[in-house]
Amino acid sequence: PAVAAALRAAFEALLAAAAAAIVAASSRVASAFSAPAAFMTPRPVVGPSTARSSSSSSSPSSLLMSSYDMSDYSSSSSDYEPEPDEEDKAVGAQTVVDDESSEEDVKVHGPVPMSKNAGNRFVALIFDKALDRNGRDWEEMMENRTGLTGEHVRYCREANLYNETFNSDSSVDVMQSYQILSSCATRPIGHILILESQTLSDVQNFIASDPIVQNLGCDPNDVPLYRWRHIKDQTLRIDDGRYGFPNVLIQLDRHPEELGPGNADLRDRLEKSKLEYMIRSERVIAAGPLHMATEIKGDPSSLPVGDVIFFNAKDRNEAIEFAQNDPAALGGLYGSMRVHKYNTIDVTGKFVSDNLHDDGTGWYNRNARLRKEMEAEGYPVDDEQTPWLNW
């Protein structure tokens, strides 16, 4: 009995010690949540709209969120105040910047200004085979187009890079230049220009002087040109190449006589279902109807005659399937549809940097050299000089 009593006493003492240790550990955990440790000190947020006073109180929820949103916080219930040296170490040797002294270094950017040429958006469809008047085969046309791409880029940049003091008479903005590829995606067969200008005549003159159009030897008036009602909803602005490869779908309406009686309003009846189809697809980069290219935007004769959709697809079969399942196509609206992959050509020259892995002979570095050449000639190539092109 004496041995049993001794063992019982020892076991009870062990339980009491364990209980005391658990209580002490719980107190330390509670203290850690009520007083932020040095390694939990967040990065200071500079700016009058986001900074908070160091004397303000913090709820448990804001304390927990601070580890995610890095917002500045403090706890009035904390009895822990790190020394200055410790605080500097806690933020990775970053110096805490006083809000008032930093306001002078903060540059506030307002809305991006509109270009003087904005207001009318046009689409030009330039396909070599349809426009060539020199009787060349596809191989010769491809070689000519490839050789003239540099001149085309330079021509577009000369139109884009202007400001109040240099090249101010430029009357056309080249929003995009897309190099259209063959069905096998191995050779260029044309390009699509998306242009903005105040007048139709300025757009026609710009197209007529495009080096590639001039090489085709065609009448510039033969180039298909449309007003484009670009749908600028955010659901139809998916990044190109995010889900596959960028493609363009060109859809031209049937002639009214081909639609048959009672179908004069077919486009209007199919408009909603087509829009819903594009939104649900989650693949559209840009889209909108094509209208007759009239001088005045509100001209009643500027009727819709087709649609153009830039979208992503994994391969050509998926791209064709997307085109065929378009409700407007199923409804019999279109007389013709074309699907092509395309490459985006940099026509601004503002975002080009040297390729350090290029020996200087590659296309990318030639692109960078062109930017430097134009800068030396006085063209405004920096972002702040032409903010309306920062899209």
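Figures for the structure shown
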| read-out | value |
| --- | --- |
| Answer residue from region 230-254, given it is in contact with a strand residue (DSSP E or B) (Cβ under 7 Å, 6 or more places away or on another chain), open to solvent by 90 Å² or more (accessible area, probe 1.4 Å) and not basic (Lys, Arg) and is farthest from Val339 (Cα to Cα) among those | Tyr243 |
| Residues within region 173-197 that are surrounded by 15 or more Cβ atoms within 10 Å (Cβ to Cβ) and over 18 Å from Ile345 (Cα atoms), tallied | 1 |
| Every residue from region 162-183 that is touching a residue at least 12 places away in the same chain (Cβ under 8 Å) and either charged (D, E, K, R) or assigned to a strand (DSSP E or B) (or both) | Val172, Asp173, Val174, Met175, Gln176, Ser177, Tyr178, Gln179, Ile180, Leu181 |
| The listed residue being under 17 Å from His230 (Cβ atoms) and basic (Lys, Arg), out of Lys350, Lys297, Lys341 | Lys297 |
| When residues of region 184-221 are limited to those that are farther than 20 Å from Arg157 by Cβ, outside any helix (DSSP H, G or I) and aliphatic (A, V, I, L, M), the one modelled with the lowest pLDDT | Ala185 |
| Answer from Tyr334, Tyr342 - the residue that is of a type outside the set (Lys, Arg), at pLDDT 95 or above and more than 20 Å from Gly241 (Cβ to Cβ) | Tyr334 |
| Lone unmet requirement of (1) part of a helix (DSSP H, G or I); (2) crowded, with 19+ Cβ neighbours inside 10 Å; (3) of a type outside the set (S, T, N, Q) for Arg227 | (1) |
| Any hit, region 297-304, residues being farther than 20 Å from Ser201 by Cα, surrounded by 13 or more Cβ atoms within 10 Å (Cβ to Cβ) and small (Gly, Ala, Ser) | no |
| Filter result for the condition that a residue is farther than 18 Å from Gly150 by Cβ and in contact with a helix residue (DSSP H, G or I) (Cβ under 9 Å, 6 or more places away or on another chain), over Ser168, Ser209, Ser183 | Ser183 |
| Residue match in region 370-385 (condition: outside any helix (DSSP H, G or I), modelled with pLDDT of 80 or more and of a type in the set (Val, Ile, Thr)) | yes |
| Filter pass, Asn317 being among the polar types (S, T, N, Q) and assigned to a strand (DSSP E or B) | no |
| Search result, residues across region 129-150 that are within 29 Å of the chain's Cα centre (by Cα) and surrounded by 14 or more Cβ atoms within 10 Å (Cβ to Cβ) | Arg145, Leu148, Thr149, Gly150 |
| Residues that are open to solvent by less than 20 Å² (accessible area, probe 1.4 Å) and touching a Gly at 6+ places or on another chain (Cβ under 8 Å), drawn from region 161-172 | Leu161 |
| Any pair with Cβ under 7 angstrom, 6 or more apart, that starts in region 241-254 at a residue that is under 25 Å from Glu271 (Cα atoms) and ends at one that is among the polar types (S, T, N, Q) and open to solvent by 40 Å² or more (accessible area, probe 1.4 Å) | Leu252/Ser336 |
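The values are calculated or read from the model by the stated rules, or taken from the named source; none is laboratory data. None of the values given here were measured: they were computed from a predicted structure. Cβ coordinates were reconstructed from backbone atoms using ideal geometry, including for glycine residues, and neighbour counts include every protein chain displayed. In case anyone asks, the SASA skips ligands and DNA or RNA and just uses the protein heavy atoms, side chains included. Shrake-Rupley method; radii C 1.70, N 1.55, O 1.52, S 1.80 Å.
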